[in-house]
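These notes are about the structure you will find just below.
The values are calculated or read from the model by the stated rules, or taken from the named source; none is laboratory data. This structure is a prediction, so every number in the text was calculated from the model and none was measured. Heads up, the Cβs are rebuilt from the backbone with ideal geometry, glycines too, and the neighbour counts pull from every protein chain shown. The accessibility values were calculated without ligands, DNA or RNA, using every heavy atom of the protein model including side chains. Shrake-Rupley method; radii C 1.70, N 1.55, O 1.52, S 1.80 Å.
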Amino acid sequence: MKQSGSAENEKKLHKNEGIKASSRFLRGTLAESLADPLTGDVSPEDAQLTKFHGIYLQDDRDERSERRKKKLDKAYSFMIRVRVPGGVATPRQWLRMDELSERFGNATMKLTTRQAFQLHGILKANLKKTIQEINAGLMDTIAACGDVNRNVMCNPNPHQSEAHGEVLALSRALSDHLTPRTRAYHEIWLDGEKVAGGEEEEEEEPIYGKTYLPRKFKIVVAVPPSNDVDVYAHDLGFVAVLGENRINGYNVMVGGGMGMTHGNAATHPRLAELMGFCKPGQVLEVAEAVVKVQRDFGDRENRAHARLKYTIEDRGLAWFRAEVEQRLGYPLEEGRPVSFEDNGDRYGWTRGVDDKWHLTLFIQNGRIQDEEGLALKTGLREIARIHKGDFRLTCNQNLIIGSIDDEDRPAIEALVSEYGLDTGLSGSALRLNSMACVALPTCGLALAESERYLPDLVTEVESLLEEAGLREDAITIRMTGCPNGCARPYLAEIGLVGKAPGKYNLYLGAAFDGSRLNRLYKASVKSEEIVAELRPIVTRYAREREAGERFGDFCIRSGVVTPFETGNNYHEPMVV
Ligand code: HEM
Ligand code: SF4
């Protein structure tokens, strides 16, 4: 195991490994940092540990230069990410998040690309109270960030068939199974009883050990033909293999990930590969074995090379599979053929096998707020007050008002129309397939705008598509403020990744079903030149496309970009 080498090796470990090792299972000096009334932040070491508790230290970047001039501290606040395994929450939980965002946050909520809630702008003095209220609402934030398994995602449409109900239960079981066992969260945030003594002797993390994973870890469960979870973008994916009215088992996909660093050729997005097939009852132990192999062999020296995708790339899928099987004590079966149609959401009303109604609403970039002309947050609050079913966060930052009985539908419909909520009928097909990460002003890593800019860019591209007669044609477009790729931009037919203020790398040619990465078409395109870059390609697409041909596929066929070949830094999609 890399982490337990000689003294010389120890020295080379990334400093976060030392922080984790000496944190006494994620305690560090967090309690002391929180109690210090003189600062709005926490110590740098504790700022690493807060991530494991679902909390990021941030500052308002819009205010940075003004405050610097006035020699003031940064305008510190915290982002809190709330796990929602499988994306399903109750109306009461919705109301609680809404209320907390008003009381302690910046009055907005973000529905994330991984089916979680995010609150922004929480001041240090309010952190504990906010976390306590979240927990009192039967939600938590532990392991929402940090070097552990994060929120487990699944297709949020359990209405489509019995299979979906099964995958929701599975996602919750995976989430429970891989939640850190440390009592630190309860002690620090919930005033739970302290574990006596030095903690280390009394506590253990049976799956993670005391240095947890080398890097974050993300799991999804997909139900074909929908790839809304973007299974190829995740460390570990279970793809349901459907039999008649039941799930026969799951294809196991490993080694996907989005993040990269500009200018560092050793980093790159990568698609997950098919490793094998397992039975429903084996999923938890397969997940545990995969996590443990990554725990023991992942790179703990270079965090830019520490995700599972690099472990598999360096050592090979066959080696990885053998390690997993050795821990399981049995071989995986060979993967089964499955295929996907798209990685987006289905909007509007649908009826489930249980005869309940489900309404998918378009939420621009997942931001829940009241704006001039659209009282989205108020409208959803009013729905939550009368709704008897559930709220489902989709994997694309949208929202499903789920499980509505026949007799309750008219009241929901009345509120939808009173507040002008978008059931996916008003937007262009491009907008309905758009996603942006948060970026400025809260994200400390953003190099360019994303959420605050994409809606305007989409409006411009819409005019272009309209001219070409393509308004109704679904094209995926995703933007992020930096190459970390939180909105999975490398799997969009049009991907825009922030390079510098007002400049983006333009990527084209991903598959509509999320099974092929796009490629860099042009670097550092200025915002005002993006539409001009797209115009000739879109015009050609309108003129020359074959029947049913998707924009991304056209970009490949017509040579606008060339696809990656196996053996390249990027990996070709596995045909499963
Ligand atoms: C080195 C890689 C990454 C780092 C350091 C990173 C860091 C961050 C930070 C600081 C935020 C908070 C932004 C804010 O709310 O103000 C964030 C948001 C988020 N990240 Fe990442 N991230 C990375 C990669 C990824 C990837 C590859 C994914 C998923 C495929 C992802 C998923 C998310 C999600 C779902 C959010 C919530 C906001 C949203 O929906 O846009 N992250 N990330
Ligand atoms: S992609 Fe970059 S800018 Fe956007 S939220 Fe993630 S880390 Fe921040």
ask   = Does E325 fit the bill of being in contact with a Pro (Cβ under 6 Å, 6 or more places away or on another chain), part of a helix (DSSP H, G or I), of a type in the set (D, E) and on the phi < 0 side of the Ramachandran plot?
value = yes
Residues that are assigned to a loop (DSSP other than H, G, I, E, B) and at negative phi, drawn from segment 522-550 = R545, E546, A547, E549, R550
request  = Could you list all residues from segment 385-411 that are surrounded by fewer than 21 Cβ atoms within 10 Å (Cβ to Cβ) and either of a type in the set (A, V, I, L, M, F, W, C) or in a helix (DSSP H, G or I) (or both)?
outcome  = R385, I386, D406, E407, D408, R409, P410, A411
remark   = The residue from A487, A429 that alone is away from ligand 2 (no atom under 16 Å from the Cβ) and either surrounded by fewer than 20 Cβ atoms within 10 Å (Cβ to Cβ) or closer than 23 Å to K51 by Cα (or both) is A429
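Of everything in segment 496-521, what is surrounded by fewer than 14 Cβ atoms within 10 Å (Cβ to Cβ) and either of a type in the set (K, R) or not in a strand (DSSP E or B) (or both)? Give them in sequence order. Explain how you work it out, then say what you get.
First, the residues of segment 496-521 that are surrounded by fewer than 14 Cβ atoms within 10 Å (Cβ to Cβ): 500-501.
Within segment 496-521, just P501 meets the criteria.
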Segment 439-472, subset of a type in the set (D, E) and closer than 30 Å to R81 by Cα, residue nearest to ligand 1 (Cβ to nearest atom) = E451
Single condition H268 does not satisfy, out of (1) assigned to a helix (DSSP H, G or I); (2) open to solvent by less than 10 Å² (accessible area, probe 1.4 Å) = (1)
Cross-chain or 6+ apart pairs with Cβ under 6 Å, segment 471-484 first and touching a residue at least 60 places away in the same chain (Cβ under 8 Å), then open to solvent by less than 10 Å² (accessible area, probe 1.4 Å) and more than 15 Å from ligand 1 (Cβ to nearest atom) = I475/L430; I475/E493; I475/F551; T476/E493
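When segment 339-382 is examined, which residues are found to be β-branched (V, I, T) and open to solvent by less than 20 Å² (accessible area, probe 1.4 Å)?
First, pick out the residues of segment 339-382 that are β-branched (V, I, T): 350, 353, 360, 363, 368, 378.
Correct list: T360, I363, I368.
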request  = Could you check how many residues of segment 32-80 are open to solvent by 70 Å² or more (accessible area, probe 1.4 Å) and touching a helix residue (DSSP H, G or I) at 6+ places or on another chain (Cβ under 8 Å)?
outcome  = 4
request  = Filter segment 69-121 down to residues that are assigned to a strand (DSSP E or B), among the charged types (D, E, K, R) and over 21 Å from M435 (Cα atoms), then give me how many there are.
outcome  = 0
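Scanning segment 473-484 for residues that are within 16 Å of ligand 1 (Cβ to nearest atom) and part of a loop (DSSP other than H, G, I, E, B), which turns out surrounded by the most Cβ atoms within 10 Å (Cβ to Cβ)?
T476
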